[in-house]
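The structure under discussion appears below in the form of structure tokens.
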Amino acid sequence: MSEKKEKEFVLETNHLGIDFGGLTAVDEFNIGIGKTEIMGLIGPNGAGKTTIFNLLTKVYEPTRGNIILDGKDTHGMNPAAVNQAGIARTFQNIRLFDKLSVEDNVKIGLHNHINYGLFTGVFRLPKYWSEEKKAHEKALELLDIFGMADQADVRADSLPYGAQRRLEIVRALATGPKILLLDEPAAGMNPSETEELMKNIKKIRDDFGIAVMLIEHDMKLVMGICENIAVLNFGKVIAKGSPSEIQSNPQVIEAYLGTKKENA
Ligand SMILES: Nc1ncnc2c1ncn2[C@@H]1O[C@H](COP(=O)(O)OP(=O)(O)OP(=O)(O)O)[C@@H](O)[C@H]1O
Ligand SMILES: [Mg+2]
């Protein structure tokens, strides 16, 4: 992460922090993410990584600091408004509409951008059908990123775990984000699935021209695809830099040696 130059960042935070009662979960979180950058957020269990995603997406209102998305302060926005403004995420614990089909899960993401009014939808006017057709085609196109178009009609809860994680990414992408936040996307995946995921995250960044911020304990993935990494420990950034800078940083090594988490 080079010096901050405002215009180049899709997402920027200044002095961002949150307290839960007496616990300071995140403090002085300052980052700038380039418009097509892949950034990693790593750190031991309980360091505050997911809390940062919850702050960025306004699940939690920050206690202090600000968040600038594409030059605009997100202060006062709720999670839906932030999503509309360009931040999409996946969750550490998968959140899909289990009983809906794979395609319908993606269409829920697309819905933000489907261009028909309530009147048109309720009365099934021609515009409704043409927009529906577009949504169907778009959903299949997005599913195809992960080779999942042929599973469009399958119920989400009948997919294997790794495929559910991929579907969550597709659903997030369907909302048309400028930045995609992925919370442990490789969790529960086997090594070949993780390898495939790494390629696809890069492909998504290249094809969509968006930024990606990811939390991950799999160091091979983090070091393999992130251009910049921030290391969090007890709610504070203890190091920022390229993968090689991070790997040789004594404070980082110490923070990790202090944990028992495998792969961390
Ligand atoms: N809503 C909340 N109320 C109180 N404490 C919270 C809340 N959310 C998070 N915390 C606390 O904030 C700290 C950071 O938690 P967080 O889930 O962000 O960690 P993490 O880095 O994502 O860890 P992991 O790698 O295990 O997912 C923890 O001490 C957690 O208990
Ligand atoms: Mg977490």
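Pairing each residue of region 42-70 that is modelled with pLDDT of 95 or more with any residue that is in a loop (DSSP other than H, G, I, E, B) and near ligand 2 (Cβ under 9 Å from one of its atoms), provided the two are 6+ apart or on different chains, yields C-beta distances under 6 Å for 50/92. In region 209-245, the qualifying residues are those that are out of contact with any helix residue (DSSP H, G or I) (no Cβ under 7 Å at 6 or more places or on another chain), touching a residue at least 24 places away in the same chain (Cβ under 8 Å) and in a helix (DSSP H, G or I), and the one that is surrounded by the most Cβ atoms within 10 Å (Cβ to Cβ) is 222.
When restricted to residues that are among the small types (Gly, Ala, Ser) and in a strand (DSSP E or B), region 7-33 contains 3.
Return the residue satisfying two criteria in turn: it lies in region 135-182 and is more than 20 Å from the chain's Cα centre (by Cα) and in contact (Cβ under 8 Å) with a residue 40 or more places away in the chain, and of such residues it is surrounded by the most Cβ atoms within 10 Å (Cβ to Cβ). The residue in question is 159.
For the subset of region 51-61 comprising residues that are surrounded by fewer than 21 Cβ atoms within 10 Å (Cβ to Cβ) and within 10 Å of residue 17 (Cα to Cα), which member is farthest from ligand 1 (Cβ to nearest atom)? For region 51-61, the residue satisfying everything is 61. Within region 94-102, is even one residue within 16 Å of ligand 1 (Cβ to nearest atom), at pLDDT below 95 and over 27 Å from residue 8 (Cβ atoms)? The answer is yes, given that some residue of region 94-102 is within 16 Å of ligand 1 (Cβ to nearest atom), at pLDDT below 95 and over 27 Å from residue 8 (Cβ atoms). Please verify whether region 183-191 includes one or more residues that are without any contact (Cβ under 8 Å) to a residue 40 or more places away in the chain, of a type in the set (A, V, I, L, M, F, W, C) and not in a helix (DSSP H, G or I). Yes, region 183-191 contains a residue that is without any contact (Cβ under 8 Å) to a residue 40 or more places away in the chain, of a type in the set (A, V, I, L, M, F, W, C) and not in a helix (DSSP H, G or I).
Determine, yes or no, whether residue 201 is farther than 29 Å from residue 135 by Cβ and either touching a residue at least 40 places away in the same chain (Cβ under 8 Å) or crowded, with 16+ Cβ neighbours inside 10 Å (or both). Taking the combined requirement at face value, the residue does not satisfy it.
The values are calculated or read from the model by the stated rules, or taken from the named source; none is laboratory data. These numbers were taken from a predicted model, which means no experiment stands behind them. Here Cβ is always computed from backbone atoms with ideal geometry, including for glycine, and neighbour counts include all displayed protein chains.
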